[in-house]
Amino acid sequence: MTLPPWKIKVVEPISLPGPERRREAIEDAGYNTFLLRSEDVFIDLLTDSGTSALSQEQRAAMELGDEAYAGSRSFYRLEAAMQEVYGYRHLIPTHQGRGAEHLLARVLVQPGAVVPSNLYFTTSRVHVELVGGIWKDVSVPEASDPAAPFPFKGNIDLVALERVLHEHGPEGIAFVRQEACLNMAGGQPFSLDNLRAVRALTAEYGVPLILDATRMSENVVFIKDREAGQADRSFRELILELASLSDGAVFSSKKDHFVPIGGFLALNDDELAERAREVLVVYEGFAHYGGMAGHDMEALAQGIREAADEAMVRHVVAQAAYLGGLLAERGIPIVVPVGAHAVFLDAKRILPHVPQSAFPAQSLAAALYIAGGVRSMERGIVSGQHGDAPYDGLELVRLTLPRRVYAQEHLSYVADVVEAVCSDAAAIPGLAFTYEPEHLRFFLGRFEPTAPFPELSVRESGRTAPALVV
Ligand SMILES: *Cc1c(COP(=O)(O)O)cnc(C)c1O
């Protein structure tokens, strides 16, 4: 058992709105869970982004925020924490991960240049494409198979990568990107072995290797648990080794670093860092705060150290495994193995009667909200780009776990809600767009159901908390 290495000091009240209000709310939201008001949500598993509980150390550190425009002490403390834990030379602070992706795309991507990556992340890909780059998926085939028990679905297919590197040559490649705990595949890790091999290839071809290190801490848990010879190495040593195998990294600190806002670009190359700072001051802010306030940088500096604390990170991963276990036990199709920060429901298998052109994952997410006030997120074709075709990719609903926020009872309730929806799955309709944005359409897109949603009700099983009879 992985017990939480914390106890709760401050609580936020939550309540379940009635069934009629839930139907009204999801209709008002255009059947898009992003457009629900949080006051209408009971258990909020939309995202792990910026939703973690801060520690008392982070809150205390925030009092030390130095809001100087330039030369802020908070910046230097943040830089020191990043260098201590990750070892990169330069820290370029941004308001969140996509700010760092924007800078990176501006300094490294020429029109027509290729970015090979394990699958993709929505904002990462958009920034590359907006400056004229071409995204190329070089993930292992298991990454796109929700039922494959492969332990390292975040790996890059080395043969596919070498083919792309050979075909385009160093001048045609902007950088190679490898994402830790690959979100789009279900939070799946890469192995140290694979990263080393990717490093060797990129070095041979002379192209930069940039990590999306947003969930690097969690990736290290899986390396320790699953990769031969790594179990006894220290958590910090492994983090440092992963970072040392790359030329730089993008971090959304709203995930592993336990902060509501923040992120950064880390680079080793002096000249590249200089160029990134030139773009930074145009789009984000001065080099000593980017898009963050001084107190944000203090919370982040402390959060980076907590993300290097193995017990803290293990509990996050264990909660996902716990929820995944509850669902698997009830025969609900989920992505296996369970990844880092979330459990992903396989909407194609739950709603086989809804074709992908009618957005089964989007519809399943709406049904979970109607049934029990649980907010989740679509990770399927709606999250892809407009015109992604053919419709044959993953169609998942993500139940994402905010870090240090929900108790086991909440997760048990979520499992009951999912089970209830699955038992009425045949009556759940598909959806059609009523408003389709050009980019990142999952954020603001609106839908209508192709037929009315059925009555969906939840019987709490309480199955995970058997009462002790004395
Ligand atoms: C969240 C995320 C991003 C983007 O970061 P934001 O902080 O949301 O802008 C980039 N990459 C990955 C893997 C992410 O999960």
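Okay, helix-only estimate at 222 nm for the chain: each DSSP H run of n ≥ 4 adds -39500 (n - 2.57), divide by all residues, round to 500 deg cm²/dmol; what do you get?
Values: 16 runs with 185 residues, N = 470.
For the chain, the value works out to -12000 deg cm²/dmol.
In Å², and per residue, what accessible area does the stretch 56-306 have when probed at 1.4 Å with the other protein chains present? Each step should come with its number before you reach the end.
Values: 8920 Å² over 251 residues.
For the stretch 56-306, the per-residue accessible area is 36 Å².
Please tell me the relative contact order of the stretch 56-306 in percent, rounded to the nearest whole number, where contacts are Cα pairs under 8 Å and at least six residues apart. Intermediate results must be reported in sequence, preceding the final value.
Values: 528 pairs, mean separation 82.9, N = 251.
For the stretch 56-306, the relative contact order is 33 percent.
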Per-residue ³J(HN,Hα) for the stretch 331-344, Karplus 6.51 cos²θ - 1.76 cosθ + 1.60, θ = phi - 60°, Hz, x for Gly and Pro: x, 8, x, 10, 6, 10, x, 5, x, 6, 10, 6, 10, 10
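Can you pull the percent of the chain's accessible area that's carbon plus sulfur, 1.4 Å probe, other chains left in place? Write out the running numbers ahead of the final one.
Values: 9990 of 18590 Å².
So the carbon and sulfur contribution to the accessible surface is 54 percent.
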Selection from 86, 18, 353 lying farthest towards where the dipole of the chain points positive, charges on Cβ: 18
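Charges at C-beta only: +1 for Lys and Arg, -1 for Asp and Glu. How large is the resulting dipole of the stretch 1-128 about its Cα centre, in Debye rounded to 20? Numbers along the way, then the final one.
Values: 13 positive and 16 negative charges, 79 e Å.
Around 380 debye, computed over the stretch 1-128.
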Listed residues 245, 165, 259: farthest to the positive end of the dipole of the stretch 159-294 (Cβ charges): 259
For residue 179, residues with placed amide H under 5 Å, excluding near neighbours: 118, 212
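Work out, step by step, the length gained on full extension between residue 270 and residue 459: first 0.36 nm times the residue separation, then minus their alpha carbon distance; give nm to one decimal.
62.1 nm
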Spatially proximal lysines relative to residue 224 (Cα-Cα < 17 Å; intrachain offsets below 8 disregarded): 153
Largest to smallest principal axis extent of the C-alpha atoms in the chain, angstrom: 60, 52, 45
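Looking at the stretch 129-252, what % of the alpha carbon pairs are farther apart than 20 Å?
Working: 3157 of 7626 pairs.
For the stretch 129-252, the fraction of Cα-Cα distances above 20 Å is 41 percent.
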Rg(Cα)/(2.2 N^0.38 Å) for the stretch 56-306, N = residue count: 0.97
Positive minus negative residues near residue 149 (Lys, Arg vs Asp, Glu; Cβ under 12 Å): 0
Highest to lowest packing among 243-252, 221-230, scored as the average C-beta count within 10 Å: 243-252, 221-230
Per-residue HN-Hα couplings for the stretch 366-373 [Karplus 6.51, -1.76, 1.60; θ = phi - 60°; Hz; x = Gly/Pro]: 5, 5, 5, 5, 4, 5, x, x
Within straight-line cross-link reach of residue 9, lysines at Cα separation under 22 Å, skipping those fewer than 8 residues along the same chain: 254, 255
Inter-site label distance for residue 83 and residue 409 at 7 Å from Cα along Cβ, in nm: 4.8 nm
Karplus 3J(HN,Hα) series, Hz, for the stretch 221-233 with 6.51 cos²θ - 1.76 cosθ + 1.60 (x for Gly, Pro): 4, 5, 4, 4, 7, 10, 9, 4, x, 9, 4, 8, 7
Residue-count net charge about residue 251 - beta-carbon cut-off 12 Å; Lys, Arg +1, Asp, Glu -1: 0
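The values are calculated or read from the model by the stated rules, or taken from the named source; none is laboratory data. None of the values given here were measured: they were computed from a predicted structure. Using ideal geometry, Cβ is built from the backbone for each residue, glycine included, and neighbour counts are taken over all protein chains shown. Heads up: the accessible areas ignore ligands, DNA and RNA and are worked out on the full protein's heavy atoms, side chains in. Shrake-Rupley method; radii C 1.70, N 1.55, O 1.52, S 1.80 Å.
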